[in-house]
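Enquirer: Dropping the structure in here first, questions after.
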Amino acid sequence: MDTGANADVRIRRVYEDASADDGLRVLVDRLWPRGKSKQNAHIDVWLKDIAPSKELRSWFGHIPERFNAFASRYRRELDTNTEAVNRLRELIADHPRVTLLYGAKDSEHNNAVVLRDYLLGAQVSQQEANTRSQRNR
């Protein structure tokens, strides 16, 4: 399934103030953010099933040195989690901008970073395949 040729997928910490240009705000954590009320979070969709498994999340423990291994393992989980991934791809295709929300304090080493890159990487791969297919005609 195509993510959308012009997909604008951003990430933002859920504890930051919502912005008018966030587009659809999707929480991609398994746990609700501590101390955030549903009214103040400004979350449009909560896709907890797309988050890393409890076991992977616990193993990672937000230790930056484990991030590359975490990212690799999480991508493998996403490869087998087609229902949740397809649901998010549908949301992205239906909205000009989607902001993936996460609760972690580290803005560079978290599941939303991996998820965004996974989605956009799949999009790039599909575009490259389409380009090659057109060249071979």
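Enquirer: Scan the range 10-24 for residues that are without any contact (Cβ under 8 Å) to a residue 24 or more places away in the chain and among the charged types (D, E, K, R) and jot them down.
Expert: Those that are without any contact (Cβ under 8 Å) to a residue 24 or more places away in the chain and among the charged types (D, E, K, R): 16, 17.
Enquirer: Take the range 25-58 and flag every residue that is in contact (Cβ under 8 Å) with a residue 24 or more places away in the chain and in contact with a strand residue (DSSP E or B) (Cβ under 7 Å, 6 or more places away or on another chain).
Expert: Residues satisfying the conditions are 25, 26, 27, 28, 29, 42, 43, 45, 47.
Enquirer: Any residue in the range 76-99 that is at pLDDT 95 or above, open to solvent by less than 40 Å² (accessible area, probe 1.4 Å) and in contact with a His (Cβ under 8 Å, 6 or more places away or on another chain)?
Expert: No - not one qualifying residue is present in the range 76-99.
Enquirer: Still on this structure, please answer the following. Going through the range 29-41 one residue at a time, which ones are under 17 Å from the mean Cα position of the chain (by Cα) and either under 10 Å from residue 99 (Cβ atoms) or charged (D, E, K, R) (or both)?
Expert: Within the range 29-41, 29, 30 qualify.
Enquirer: Any idea which residue in the range 26-41 is surrounded by the most Cβ atoms within 10 Å (Cβ to Cβ), counting only those that are of a type in the set (D, E, K, R) and either in contact with a Phe, Trp or Tyr (Cβ under 7 Å, 6 or more places away or on another chain) or at pLDDT 90 or above (or both)?
Expert: 29
The values are calculated or read from the model by the stated rules, or taken from the named source; none is laboratory data. All values reported here derive from a predicted model rather than from experimental measurement. Heads up, the Cβs are rebuilt from the backbone with ideal geometry, glycines too, and the neighbour counts pull from every protein chain shown. Only protein heavy atoms, including side chains, enter the accessible area calculation; ligands, DNA and RNA are left aside. Shrake-Rupley method; radii C 1.70, N 1.55, O 1.52, S 1.80 Å.
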